[in-house]
1. Tell me which residues, restricted to segment 255-270, are surrounded by 15 or more Cβ atoms within 10 Å (Cβ to Cβ), out of contact with any His (no Cβ under 8 Å at 6 or more places or on another chain) and not polar (S, T, N, Q).
2. Here is a list: Ile71, Ile112, Ile75. Which entry is β-branched (Val, Ile, Thr), surrounded by 12 or more Cβ atoms within 10 Å (Cβ to Cβ) and at pLDDT 95 or above?
3. Limited to segment 232-252, what total is found for residues that are closer than 24 Å to Gly306 by Cβ and under 33 Å from the mean Cα position of the chain (by Cα)?
4. Looking at segment 235-262 only, could you name the residues that are modelled with pLDDT under 95, touching a strand residue (DSSP E or B) at 6+ places or on another chain (Cβ under 9 Å) and under 18 Å from Leu317 (Cα atoms)?
5. Kindly indicate the residue of segment 211-223 that is surrounded by fewer than 19 Cβ atoms within 10 Å (Cβ to Cβ) and not β-branched (Val, Ile, Thr) and also farthest from the ligand (Cβ to nearest atom) among those meeting that condition.
6. Could you list all residues from segment 157-200 that are exposed (fewer than 13 other Cβ atoms within 10 Å of the Cβ) and polar (S, T, N, Q)?
7. Right, Leu317: buried (at least 20 other Cβ atoms within 10 Å of the Cβ) and more than 20 Å from Lys231 (Cβ to Cβ) or not?
8. Limited to segment 259-305, what total is found for residues that are within 16 Å of the ligand (Cβ to nearest atom) and either touching a residue at least 60 places away in the same chain (Cβ under 8 Å) or not assigned by TED's automatic domain parsing to the domain that holds Arg182 (or both)?
Amino acid sequence: MEIITKINQWISDAKSDAQEARSEAELFDLEKKYLGRKNGLLTNVLKSIKELSDSEKKVVGPRANEVKKEILTIINNQRKQLQEKQSQSTKTIDVTLPGKKIVSGHLHPLTIVQNDIVDIFTRMGFDIADGPEVESEWYNFDAVNVPDNHPGRDMQDTFWLRAEKGKKQSLLRTQTSAVQVRYMEKHTPPFHVIVPGRIFRHEATDASHEHTFHQFEALMVGNDISVANCKHVVSVFFSQFFKKDVEIRLRPGFFPFVEPGFEFDISCTVCDAKGCSVCKQAGWLEIGGAGMVHQNVFGASGYEKGKYQGFAWGFGLERLAMMKYNIDDVRLFHSGDLRFINQFR
Ligand code: FA5
């Protein structure tokens, strides 16, 4: 049968064509020539089988399918060979090729904000101090006037660490106020210092609460430091941090380590105090606690009680970053989501 001779011939044609092919594109054209859905030589044969007599159909159909498989195998084998050759040749380095672009790292938004804060206070002459994240019960609670069984301990749910036999349990510090007495033991007033740092609380998370977050503590102590000094320093800081005038409001608040104590609110910088979702339409945002250092804290530091007075505050760093960059969920900071982090490149 003439058609059978023809399609048998295609096998050897395809073989020699495939051997001559120098690229995968050429092999693709070859595949199209024999097997392409539109006008492929074998495809056309198979399409026109219905026009053949029954006896011809029985021979031509199966043979055309066999030839189709063979040609496909020939082309695929040749493709594999080409790929192997190519991977061997790419093992030699072409030094003239342009280099890959190296993506450099960048600072995390919380680091940017912490650096800003440190810069502003350094310009105001403040010292910068640090303390351990794994802290003793003494510095975190007792020394700052929160003895065992004091209801103030319930304000900050604590991660306690397993203690060695006979030793006191340590904890992950729940507040940067833990550094107050550590600093005062080594320094004599007058001084002014800030303590930025990471802290931990065993509490449920939501859009404005994390179990791991940052605060920055301020401590200014001397012979005649007053609430007026505190308000002034805070207002200079916020105006510089947000690069615009920010109003400040004090409300009474209770913290065992200060007397009197207050909460600091600042006018919402996102909506200029007009009311928005960030400030929950109030125009004001709570930023942290503050007050005049309790004389018991001076006592725990080894100072004579009644000799000095000073203020302290503890502000949430994430809250400030959220206001500065209009971020509506504190959990984004530790999410590791590059779509978020890379916006601060
Ligand atoms: C304190 O931690 C006191 N040590 C602050 C203080 C220092 C008062 C010195 C007086 C003198 P408080 O628990 O309210 O207070 O936390 C202070 C700020 O930390 C809050 O206003 C808030 O901005 C931030 N903060 C508290 N809990 C969280 C949390 N779970 N996630 C993120 N930020 C938080």
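1. Those that are surrounded by 15 or more Cβ atoms within 10 Å (Cβ to Cβ), out of contact with any His (no Cβ under 8 Å at 6 or more places or on another chain) and not polar (S, T, N, Q): Phe255, Gly261, Phe262, Glu263, Phe264, Asp265, Ile266, Cys268, Val270.
2. Working: Ile71 fails: at pLDDT 95 or above; Ile75 fails: at pLDDT 95 or above.
Testing whether each residue is β-branched (Val, Ile, Thr), surrounded by 12 or more Cβ atoms within 10 Å (Cβ to Cβ) and at pLDDT 95 or above leaves just Ile112.
3. The qualifying residues number 1.
4. Once the filter is applied, which keeps residues that are modelled with pLDDT under 95, touching a strand residue (DSSP E or B) at 6+ places or on another chain (Cβ under 9 Å) and under 18 Å from Leu317 (Cα atoms), segment 235-262 yields Ser235, Phe238, Phe242, Val246, Ile248.
5. Quick first cut of segment 211-223, residues surrounded by fewer than 19 Cβ atoms within 10 Å (Cβ to Cβ) only: 211-212, 222-223.
Add one more test, that the residue is not β-branched (Val, Ile, Thr), and what stays is 211, 222-223.
Working: His211: 7, Gly222: 17, Asn223: 20 Å.
Filtering first and then ranking leaves Asn223.
6. Gln169, Thr188, listed by residue number.
7. Yes: the conditions hold for Leu317.
8. Residues meeting the conditions: 10.
The values are calculated or read from the model by the stated rules, or taken from the named source; none is laboratory data. In this text the structure is predicted, and so the values were computed from the model without any measurement. Positions of Cβ are backbone-derived with ideal geometry, glycine not excepted, and every protein chain shown enters the neighbour counts.
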